[in-house]
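Read-outs throughout are calculated quantities, based only on the coordinates presented, and are distinct from any laboratory measurement. The structure presented is a predicted model; accordingly, all values stated were derived computationally and were not measured. Cβ atoms come from the backbone with ideal geometry, glycine included; neighbour counts cover every protein chain shown.
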Amino acid sequence: MANHASSKKRIRSSETRRLRNRYQAKTTRNAVRDLRAVTNKEEAIAALPKVKSMLDKLAKRNIIHKNKAGNLVSKLTKHVVALGK
C-alpha cells in the first residue's frame, strides 16, 4: 500500500484517467460500430466527421495508436463512399 501522500494522489488520479479513457474509447467504438451499420448514404456522410473527430482525439491523447486511428478512418471513409454504388 502507498505510504506517501503523493503516491496516494497518483493512485487516485490514475484511476480517474483510466475510467475517463475507457469511457471515451468505448463511446468511440460504439460510434464506429453504428456507422458501419448505417445503410443510408446521407446519414453516413453526416456521421463520418463526428466519428473521425472522436478517433483523432483518442489518437492525440494516446488512448489508441495514431496508425490505428488512421486505418479506422480510412476504412470508414471507404465504407461511406461505397454506400452510393
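Observations
- Note on the chain: GNM, Cα springs under 10 Å; of Lys57, Lys66, Lys75, the largest mean-square fluctuation is that of Lys75.
- Sorted peptide list for 20-27, 1-8, 58-65, criterion being average Cβ within 10 angstrom, highest first: 58-65, 20-27, 1-8
- Each label was represented as a point 7 Å from its Cα along the Cα-to-Cβ direction; for Ser14 and Lys60 these points are 2.7 nm apart.
- Most fluctuating residue given options Ser13, Ser53, Ser74, as computed from a GNM of the chain linking Cα atoms under 10 Å: Ser13
- Taking the chain and dividing mean pair separation by its residue count, relative contact order in percent (alpha carbons under 8 Å, at least six apart): 29
- Inverting the pair-averaged 1/r between distinct Cα atoms of the chain gives 14.5 Å as its Kirkwood hydrodynamic radius.
- Simple spin-label estimate for Lys78 and Glu42 in nanometres, 7 Å along Cα-Cβ: 2.8
- Spatial offset of the stretch 38-68 relative to the stretch 4-20 amounts to 29 Å, using the alpha carbon center of each.
- Simple spin-label estimate for Asp34 and Asn3 gives 5.0 nm between the two label positions (7 Å along the Cα-to-Cβ direction from each Cα).
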